[in-house]
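The values are calculated or read from the model by the stated rules, or taken from the named source; none is laboratory data. This structure is a prediction, so every number in the text was calculated from the model and none was measured. For neighbour counting, all protein chains shown are included, and Cβ atoms are generated from backbone atoms with ideal geometry for every residue, glycine included.
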Amino acid sequence: MLFEEKIPEKLIRNDGLRLDGRKIDELRPIKFEVGVLSQADGSAYVEQGRNKIIAAVYGPRELHPKHLALQDRALLRCLYRMATFSVSERKSPAPSRREAELSTIITQALQPAIFLEYYPRTSIDVYIEIIEADGGTRCASINAASLALADAGIPLRDLVAACAVGKADGQIILDLNDLEDKYGEADMPMAMLYRRGDVTLLQMDGQFTIDEFNKALELGKTGISKIYQLQKETLRNKYLSIRDEVADESEVRIEISKEVEEDE
Ligand code: ADP
C-alpha cells in the first residue's frame, strides 16, 4: 500500500511554535556517541530529531586502487548511504544520484579539517549509513563523520559541525525536519570549522531576500556553535571515561600487588 503524506496547511502554528513544538530558533534533540563500533578505527552514532545515523572511519590505510593515490596527501573518501528502511517508502538499495552527490559534498565539507598531508599515498574512508531519515541528513552525517574522524585519532584542524536553516511561513527557522524541508520556502544546509570560522558547506534550495539570507546565516552559526560544543563534550567525556577506567585498573593492580607482598 502506498503511504500518502498529508500536506500540512501551515508549518508554524498560531502560537508561534513549529508543528513538532519547537521554537523557530530551536534545534531538534541531539544525541552523540563515539566508539560505537569495535571493528572500525573510529565511529560515531548520531540522533538529530528522528534522524539516526552511524559513521565509521577506516584509515589512514593502504589505498586501493593504487592509481588513485595522491603523492602529497591522503585521499578522503566518504560514502553516504540510506538504508532501504530509512524512509516511509522502501528506498531502492541501488546507489542513487542523490547519494553520490551527498557523498561528494560531505567529503568536501570535511576535507579542510583534516591534516591529509600527514599521510601521503593513503586513504581515509568514511562510511555513513542513514538508518532513519527525517530531513537534514547531510548535516547530521557531517556531524557524525567529524566525530568518527576524531574518534579514529586522525589529526584535525577543528571539528566540523553542520546544521540547516530555512524558511517556513515567512519565518527563518533552524534545523529543519523532513516536513519543513519538503514544504518550507527555503532550505540552506551549512557546515563550519566553527573555531576557525571557515564555512565548508553552504547550499541553498528555495529563495531568501538578502536580509533573510543574512539572518539565516547568523541563526545557522548559532545552531552550529551549540552542535560544536556538544561534539567537544562528547569527545571529552569519552577520554575522561577512559582515564577513569585506567585509573580504576591501576588501583586494582596496586591493591593486588600489595596483597601479593603481604602474602610473601
Ligand atoms: P537532507 O536529508 O540533507 O535534508 P534532502 O533535502 O535531499 O537531504 O532530503 C530531505 C529529506 O527527504 C531526507 O532527510 C529524507 O527524510 C527524505 N528523503 C530523501 N530521499 C528519500 C527517498 N528516496 N524516499 C523518501 N524520502 C526521502
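If I filter segment 144-162 for residues that are of a type in the set (K, R), in contact with a Lys or Arg (Cβ under 7 Å, 6 or more places away or on another chain) and more than 9 Å from the ligand (Cβ to nearest atom), do I get at least one hit? If you could, list the steps in order and put the result at the bottom.
Taking segment 144-162 and keeping what is of a type in the set (K, R), we get 157.
Restricting the remaining residues to those that are in contact with a Lys or Arg (Cβ under 7 Å, 6 or more places away or on another chain) gives 157.
Now restrict to residues that are more than 9 Å from the ligand (Cβ to nearest atom): 157.
Yes - at least one qualifying residue is present in segment 144-162.
Out of everything in segment 46-82 that is in contact (Cβ under 8 Å) with a residue 60 or more places away in the chain and of a type in the set (A, V, I, L, M, F, W, C), what residue ends up being farthest from the ligand (Cβ to nearest atom)? First the steps, then the outcome.
Our first condition is that a residue be in contact (Cβ under 8 Å) with a residue 60 or more places away in the chain; within segment 46-82, this holds for 46, 48-63, 78, 80.
With the extra rule that they be of a type in the set (A, V, I, L, M, F, W, C), the set shrinks to 46, 53-57, 63, 78.
Values: V46: 13, I53: 10, I54: 15, A55: 14, A56: 19, V57: 20, L63: 28, C78: 14 Å.
Among residues in segment 46-82 that are in contact (Cβ under 8 Å) with a residue 60 or more places away in the chain and of a type in the set (A, V, I, L, M, F, W, C), the one farthest from the ligand (Cβ to nearest atom) is L63.
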Suppose the filter is away from the ligand (no atom under 16 Å from the Cβ) and part of a strand (DSSP E or B); does I128 pass it? no
Under 9 Å by Cβ, and 6 or more places apart or on different chains, what pairs join a residue from segment 177-190 that is closer than 20 Å to L102 by Cα and touching a residue at least 24 places away in the same chain (Cβ under 8 Å) with one that is within 8 Å of the ligand (Cβ to nearest atom) and β-branched (V, I, T)? D178/V87
Just to check your reading of the model, which residue among A140, A100 is within 16 Å of the ligand (Cβ to nearest atom), without any contact (Cβ under 8 Å) to a residue 40 or more places away in the chain and assigned to a helix (DSSP H, G or I)? A100
Please state which of the following conditions A94 fails to meet, knowing it meets all the rest: (1) within 16 Å of the ligand (Cβ to nearest atom); (2) touching a strand residue (DSSP E or B) at 6+ places or on another chain (Cβ under 9 Å); (3) more than 27 Å from G206 (Cα to Cα). (2)
Exactly one condition in (1) without any contact (Cβ under 8 Å) to a residue 12 or more places away in the chain; (2) within 13 Å of the ligand (Cβ to nearest atom) is not met by T209; state its number. (2)
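In this structure, is I105 more than 15 Å from the ligand (Cβ to nearest atom), in contact with a strand residue (DSSP E or B) (Cβ under 8 Å, 6 or more places away or on another chain), at pLDDT 95 or above and closer than 24 Å to L176 by Cβ?
Values: more than 15 Å from the ligand (Cβ to nearest atom): no; in contact with a strand residue (DSSP E or B) (Cβ under 8 Å, 6 or more places away or on another chain): yes; at pLDDT 95 or above: yes; closer than 24 Å to L176 by Cβ: yes.
Spelling it out, it is not the case that I105 is more than 15 Å from the ligand (Cβ to nearest atom), in contact with a strand residue (DSSP E or B) (Cβ under 8 Å, 6 or more places away or on another chain), at pLDDT 95 or above and closer than 24 Å to L176 by Cβ.
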